[in-house]
Amino acid sequence: MENKELLRKRVDELAARVGGNVAEGSDNLVLTVNSQYIIETLEAAKTFDGIPCDFLHDLAGFDAKDHFEVVYQLRSWSGPQKLRIKAIVDRDNPVIDSATRVWGGANFWEREAYDMFGIVFKGHPNLKRIYLWDDFEGFPLRKDYVTEPAEVRNITRVRTDNE
Amino acid sequence: MGEASTEELIVNLGPQHPSMHGVFRMVVHLDGEIVTKVEPKMGYLHRGIEKLAESRTYQQFIPYTDRLDYLASPCNNLAYVQTVEKLMELEIPERAEYLRVIFAELARIASHMVFISSAALDIAGWTTWGYPFRDRERILDLFEMSTGSRMTTNSMRIGGVQNDVPPEFWPALQSFLEDLPDMLEEYYGIYLGNEIAMGRMKHIGILSPETIKDLSLTGPVIRASGFDYDVRKAEPYGIYDRFDFKVPVLNGCDTYDRNMIRLYEIEESGKIIRQAMENIPDGPVMAKVPKLIKVPAGEVYHRVENPKGELGFYIVSDGTQKPVRIRIRTGTFTNLQSLNKVLIGNTVQDLIVIFASFDAVLGEVDK
């Protein structure tokens with residue numbers, strides 16, 4: 001219980017510094033910040049005094065219709081603390097600093113978020129599509145990505161007489 | 001003698017290569033026989049599961065999770081249904097909880113058995129290949145008699161499990177557990193205790209603790225590098241806090257220990273199943289859940305310990321029947337980031353052995 005209060009205190013301090021917003025999620029604390037403060041936020045969370053959230057467990061893109069979010073799930077190698085950090089990214093100009101300088105493990109996940117949402121991670125060592133082919137058009141996990149209806153997708157073929 | 005330098009050679013390994021365990025592809029840069037750079041290429045098995053999820057209801061998505069790590073599908077089911085249940089704050093019957101643990105641990109054993117077979121095959125251990133596959137067949141038979149399917153079991157539901165196991169399940173499971181120690185003895189004798197295997201794998205492919213922390217690696221791979229970290233202990237889910245088991249840890253950091261750790265994990269899974277068998281209560285296996293599930297608006301992240309690393313689901317719901325976003329964090333995909341660290345400086349024949357020790361399953365890598 002003490003841990004939770006300490007984490008809350010540290011997150012509140014951090015939120016005040018970077019102009020973030022703290023909310024109590026159903027499973028853990030959620031800290032929402034603007035994209036320009038993300039590196040400062042992650043570095044601070046990684047080295048929280050007494051309660052470090054030093055394990056980047058997941059990084060994912062999210063389309064909130066009017067903006068994008070990059071969601072970081074933090075855990076710890078040594079304790080039960082959990083924290084979710086959300087960075088708000090502009091939809092028209094989706095650029096955010098790459099977390100690879102804080103955690104090298106963000107590499108593939110950021111490439112995946114770029115592949116699926118078109119979020120550009122500044123400073124990423126190798127920002128290329130990871131699953132889809134290089135000249136694929138569009139970003140499939142965006143909500144405005146249009147998938148063709150099943151009738152169009154299914155290639156139907158009628159047998160000719162001699163087949 | 002002066003140092004001879006050779007021209008850089010670029011070799012394309014995979015996607016159709018027997019040692020790539022599926023359709024993984026690596027572009028390997030070589031200086032003579034020494035690996036200087038590795039570029040992993042993935043996506044040959046990409047099915048867009050995360051996108052498909054957005055147009056399916058919560059129940060309809062369960063079979064898709066089978067196809068992530070298809071060698072241990074009950075473990076994936078478990079992760080997904082528990083995430084949805086966490087979001088719905090649903091209590092599930094005791095008997096279902098125990099059945100889930102039994103299934104997940106059986107799947108872990110089956111997955112590790114395939115690992116031992118395929119890893120042995122990569123160093124030409126043709127004899128070893130047959131033994132774990134023979135024993136895994138008994139687990140698949142258990143799955144078949146209780147779910148009707150051998151590999152993609154689709155056994156769990158939101159609120160419980162599909163159905164109770166038939167009466168003949170228990171004696172078959174009992175006899176499997178009785179034979180388990182002998183099986184492990186056999187695998188050790190024929191593969192890991194073998195001098196040739198030791199010579200091929202010891203002190204090769206060193207994975208340092210700093211790399212693990214930096215790259216967020218998980219699973220048996222890190223427990224072979226001295227990390228005492230297992231979600232079943234660190235953040236227990238379901239009823240795992242009721243069982244008495246150890247988290248095996250080895251300190252070799254090398255390919256041999258990454259193989260060896262699987263034998264210990266099979267042993268511990270056997271212990272968990274034995275305890276679950278003894279303590280399983282009678283009762284229903286399904287909670288009262290409406291036919292059409294509407295998950296309350298919100299978001300949740302849940303992770304479980306899968307045979308190949310940690311599997312995490314991040315689900316965002318807007319209160320309707322279909323999810324807004326399902327994000328899947330898979331273990332192998334993340335673990336493969338370390339290839340560039342462990343493979344550099346090794347020879348080509350060692351590359352195959354080291355890659356095998358990561359137990360990559362491409363269903364999980366490519367989603």
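We did not get these values from a lab; they are worked out from the coordinates using the rules stated. This one's a predicted model, so the numbers in the text were calculated from it and none came from an experiment. Here the Cβ positions follow ideal geometry from the backbone for every residue, glycine too, while neighbour counts run over all protein chains shown.
Here the protein assembly as shown is assigned +1 on the Cβ of each Lys and Arg and -1 on the Cβ of each Asp and Glu. Its dipole about the Cα centre then comes out at about 1040 debye. Between the range A:78-98 and the range B:1-78, the alpha-carbon centres lie 26 Å apart. Only Cα sites of the range B:150-261 enter the Debye sum here, all with the same form factor; the resulting log10 I(q)/I(0) across q = 0.19, 0.22 1/Å is -1.15, -1.19, listed in q order.
Calculated translational diffusion coefficient of the range A:2-77 (20 °C, 1.002 mPa s; Stokes-Einstein with Kirkwood radius over alpha-carbon pairs) equals 166 µm²/s. Considering only beta bridges that DSSP places wholly inside chain A, some 70 percent are antiparallel.
Within the listed set B:Gly22, B:Gly14, B:Gly298, the Gaussian network model of chain B (springs between alpha-carbon atoms below 10 Å) gives the highest mean-square fluctuation for B:Gly298. Ordering B:Glu54, B:Glu310, A:Glu137 from the fewest to the most neighbouring beta carbons within 10 Å gives A:Glu137, B:Glu54, B:Glu310.
Between the listed residues B:Ile326, B:Gln59, B:Leu292, the Cα displaced farthest toward the positive end of the dipole of the protein assembly as shown, a dipole computed from Cβ unit charges relative to the Cα centre, is found at B:Leu292. Other protein chain C-beta atoms within 10 Å of residue C-beta, averaged over A:58-71: 3. Calculate the length of the line joining the C-alpha centroid of the range B:174-194 to that of the range B:90-163, in whole Å. Comparing the Cα centres of the range B:174-194 and the range B:90-163, I get a distance of 17 Å.
Largest GNM mean-square fluctuation among B:Met20, B:Met198, B:Met286, using chain B with Cα springs under 10 Å: B:Met198. Here, P(r) means the percent of Cα pairs in each 5 Å bin from 0 to the largest distance; for the range B:86-157 it is 3, 15, 20, 19, 14, 11, 8, 5, 3, 1.
The value given for the range A:9-163 is a Kirkwood hydrodynamic radius of 17.2 Å, derived from the mean inverse Cα-Cα separation. With the helix formula -39500 (n - 2.57) applied to DSSP H stretches of n ≥ 4, chain A reaches a computed 222 nm mean residue ellipticity of -7500 deg cm²/dmol.
Structural size metrics of the range B:1-136, computed from C-alpha coordinates, are Rg and Dmax of 21.1, 74 Å.
In chain A, with Lys and Arg counted as +1 and Asp and Glu as -1 at Cβ, which of these residues, A:Leu7, A:Ile96, A:Val146, has the Cα nearest the positive end of the dipole, that is, farthest along it? Result: A:Leu7.
Between helix A:106-117 and chain A, what is the angle of the helix's C-alpha long axis to the longest principal axis, kept within 0 to 90° and rounded to the nearest 10? Rounded to the nearest ten degrees, it is 50. Take every Cα pair under 8 Å in chain A that's 6+ residues apart, average their separations, divide by the length, and report that relative contact order as a whole percent. Worked out over chain A, it gives 16 percent. If I take all pairs of Cα atoms in the protein assembly as shown, what percentage of them are more than 37 Å from each other? Here the tail beyond 37 Å accounts for 31 percent of pairs. For the range B:9-366, the orientation-averaged shadow of the C-alpha convex hull comes to 16.9 nm² (one quarter of the hull surface). Springs between alpha-carbon atoms under 10 Å, Gaussian network over chain B: tell me which of B:Pro290, B:Pro236, B:Pro132 tops the mean-square fluctuations. Result for chain B, Cα springs under 10 Å: B:Pro290 fluctuates most. For the range A:29-112, the average shadow cast by the Cα convex hull is 5.3 nm², which is a quarter of the hull's surface.
Working note: 222 nm ellipticity from helices only, DSSP H runs with n ≥ 4, each -39,500 (n - 2.57), summed and divided by the residues of chain B, gives -13500 deg cm²/dmol to the nearest 500. The mean number of Cβ atoms from other chains found within 10 Å of a Cβ in peptide B:327-334 is 4, as a whole number.
Equivalent ellipsoid of the range A:82-154: semi-axes from √(5λ) of the C-alpha gyration tensor, largest first, are 26, 14, 11 Å. Candidate membrane-span-like segments in chain B, meaning DSSP H helices with Cα atoms spread over at least 30 Å of their own axis and a Kyte-Doolittle mean of 1.0 or above, do not occur, with no membrane implied either way. Summary of the geometry: the range A:42-72 and the range B:202-276, compared by the centres of their Cα atoms, lie 26 Å apart.
Since only B:Ile102, A:Ala87, A:Thr47 are under comparison, the one whose Cα sits farthest along the positive direction of the charge dipole of the protein assembly as shown, derived from C-beta charges on Lys, Arg, Asp and Glu, is A:Ala87.
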